[in-house]
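The values are calculated or read from the model by the stated rules, or taken from the named source; none is laboratory data. Just so you know, these numbers come straight off a predicted model, no measurement behind them. Using ideal geometry, Cβ is built from the backbone for each residue, glycine included, and neighbour counts are taken over all protein chains shown. The area values use the complete protein model at the heavy-atom level, side chains included, leaving out ligands, DNA and RNA. Shrake-Rupley method; radii C 1.70, N 1.55, O 1.52, S 1.80 Å.
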Amino acid sequence: MRYISTRGMAPSLSFGEAMMTGLARDGGLYVPQEVPVMSQSQIAGLAGKSYEETAFAVMWPFIGGFFAEAEFKDLIAKAYAHFNHSARAPLVQLAKNHFLLELFHGPTLAFKDFAMQLIGQMMQAALAKTGERITIVGATSGDTGSAAMEAFRGLSNVDVFIMYPHGRVSEVQRRQMTTPVEPNVHAVAIDGDFDDAQANVKAMFNDFDFRDGVRLAGVNSINWARVLAQVVYYFSSAVSLGAPHRPISFTVPTGNFGDIFAGYIARKMGLPIEKLVIATNQNDILDRAISLGEYRTNGVMPSISPSMDIQVSSNFERVLFDAYGRDGTAISGLMAELSGGGFSISQGAIGALREAFSSGSCTESETSATITRTYDQTGEILCPHSAVGVKVAEGELGTTPMITLATAHPAKFPDAVEAAMGTRPSLPPRLADLFDRPERVTRMPNDLKAIQALIRERIATR
Ligand SMILES: *Cc1c(COP(=O)(O)O)cnc(C)c1O
């Protein structure tokens, strides 16, 4: 199995190389050269399997022998051992034909744990074989950072630097990043928004001296290995509702397009997904892209679902690559136009996108109202991101069962939940002392050179 860049100018890589590399050297994202297809009987055979067994069956064809079979099974087992629910990703029913996939039972209470815990195990196993050290740099709108620090803290061959927009993450998210005591994890608060933080990460990857000097690796949602880990729960949930014998649709609260892109891969693998519904908050670039065919940035408006406050969705490039017939030159051209504000999606490409995706957006007041109403009707407490998903999904319900992804635990966003429904969701017991732990964070201007200097210095003195 080889991985190729969406911009067509970087060498193809193995699974292990793509995992360690993150962003391709031509600025593109790695995608599988060919997506392996599972037969209907193979998919049917997943019924009754554990989450870990399903994970192995779904991911193994993509690994290309980088790990031995028994080794990979062991990494999967370790990755999900600390989840708080034996099903890992349980489904609950909200209404006729509407189900919620709870992806928040991992150690940092958001779906990011599914991918991050596994990539932590995989990177550790790969580095232990060679004795190499790497530096992981990531940008986060909140949940990626805490999930990464949780997954990598204490690993001797890895330093992790996580940049988050100062003042724009929830207190629980911030504390999850600033309270780990291990010296190899570093929280950096940037004076800027998420896109500034993400732009710094991209610039570091494009600075080859720096990149090679600190052995930079990325675990942002552009990392193919993360996408792959997220493909699994599309299979486990759809099969539990009767796939492949009946089609299923999914609604996905979307920011950087990593989670829903995993659903797109599941669909390409043969899982009968009828529609993938992109749910955005008021930062609706993707909804406008699908409905109007115009991919144009117009600034970030902070919302009560901050992990989706994004103006450029990095992983969207991966579906554009397919929609434009895998023409890397065309994608390079579009991304250059995007730096200038945006582009019109071609007729052919928008047709291809609409075959797989539909979209909707949700206002702030609709988000709050959905939290209240869902609690009244079902007893389920939604986090604001999951509420955006539920609201958009409700507009798409039909005869096909709909699964909405619940991307975080409500206690991760207690202010928004309390403002909506009057009661404050409590943290699970294992996080109950989070507010008493001392914080450790470095505040930095939005200045690439200064941040690079900080990283070099910290690595040298550890
Ligand atoms: C990251 C995140 C999202 C957005 O996921 P993408 O893969 O970036 O589209 C939605 N909700 C929560 C809670 C998140 O942490």
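So which GluC sites (Glu not before Pro) in segment 372-451 are both in a DSSP loop and have at most 15 other Cβ atoms within 10 Å of their Cβ?
439
Quick one: putting +1 on the C-beta of Lys and Arg, -1 on the C-beta of Asp and Glu, what dipole do you get for segment 177-309 around its Cα centre, in Debye to the nearest 20?
Once rounded to the nearest 20, the dipole reads 720 debye.
Using a simple charge model, +1 on the beta-carbon of Lys and Arg, -1 on the beta-carbon of Asp and Glu, nothing else, what dipole does segment 192-260 show about its Cα centre, in debye to the nearest 20?
420 debye
Translational D (Stokes-Einstein, µm²/s) of segment 1-113 at 25 °C and 0.890 mPa s when Rh comes from the Kirkwood sum over C-alpha pairs?
In µm²/s, the coefficient rounds to 149.
Considering the options 395, 335, 361, tell which one lies farthest towards the positive end of the dipole of the chain, charges being +1 on Lys and Arg and -1 on Asp and Glu at the Cβ, about the Cα centre.
335
On average, how much accessible surface per residue is there in segment 1-118, in Å², for a 1.4 Å probe, leaving out ligands, DNA and RNA?
Accessible surface, normalised per residue, equals 39 Å².
Tell me, what HN-Hα J-couplings in whole Hz come from the Karplus equation 6.51 cos²θ - 1.76 cosθ + 1.60 at θ = phi - 60° for each residue of segment 456-462, using x for Gly and Pro?
Using θ = phi - 60°, the values come out as 4, 5, 5, 5, 5, 9, 8 Hz.
Quick one: net charge of residue 174's neighbours, Cβ under 13 Å, K/R +1, D/E -1?
+2
I need the phi-derived Karplus couplings for segment 56-71: 6.51 cos²θ - 1.76 cosθ + 1.60, θ = phi - 60°, integer Hz, Gly and Pro marked x.
Here the 3J(HN,Hα) series is 5, 4, 6, 8, 3, x, 8, 7, x, x, 4, 10, 6, 4, 5, 5 Hz.
Looking at segment 371-462 from every direction and averaging, what is the projected area of its Cα convex hull in nm²?
Convex hull of Cα atoms, orientation-averaged projection: 10.4 nm².
What do you get for Rg/Rh over the chain if you use C-alpha atoms and the Kirkwood form of Rh?
Ratio of gyration radius to Kirkwood radius for the chain: 0.93.
Place a +1 charge on the Cβ of each Lys and Arg in the chain and a -1 charge on the Cβ of each Asp and Glu, then give the dipole magnitude about the Cα centre in debye, rounded to the nearest 20.
I would put it at about 640 debye.
Excluding residue 24 itself, what net charge comes from residues whose Cβ is under 11 Å from its Cβ, given Lys and Arg +1 and Asp and Glu -1?
-1
Looking at 282, 80, 94, which one has the Cα that reaches farthest to the positive end of the dipole of the chain (charges on Cβ: Lys, Arg +1; Asp, Glu -1)?
My answer, from the dipole projection, is 80.
Provide the net charge surrounding residue 94, with neighbours chosen by a C-beta distance below 10 Å and charges set as Lys +1, Arg +1, Asp -1, Glu -1.
-1
HN-Hα J couplings of segment 89-105 from phi, Karplus 6.51/-1.76/1.60, θ = phi - 60°, integer Hz, Gly and Pro as x?
Once θ is set to phi - 60°, the couplings for segment 89-105 become 10, x, 9, 10, 8, 9, 6, 4, 6, 10, 10, 10, 9, 7, 9, 10, 9 Hz.
Give a quick list of trypsin sites (Lys or Arg not before Pro) in segment 71-108 that DSSP marks as loop, anything other than H, G, I, E or B, with at most 10 other Cβ atoms within 10 Å.
For trypsin sites (Lys or Arg not before Pro) across segment 71-108 that sit outside H, G, I, E and B with at most 10 neighbouring Cβ atoms in 10 Å, the list reads 96.
From the Cα trace of segment 49-123, what convex hull volume per residue do you get, rounded to a whole Å³?
Taking the convex hull of the Cα positions in segment 49-123, it is 101 Å³ per residue.
Would you pull out the residues with amide H under 5 Å of residue 217's amide H, same chain only if 5 or more places away, H placed 1.01 Å from N?
135, 136, 137
At 1.4 Å probe size, with every protein chain present, just tell me what the per residue accessible area of segment 325-393 comes to in Å².
Averaged over the residues of segment 325-393, the accessible area is 40 Å².
Percent of accessible area on the chain owned by carbon and sulfur, 1.4 Å probe?
Exposed carbon and sulfur together represent 51 percent of the surface.
Wrap a convex hull around the Cα atoms of segment 134-263, take a quarter of its surface area, and give that in square nanometres.
Averaging across all directions leaves 9.1 nm² for the Cα convex hull.
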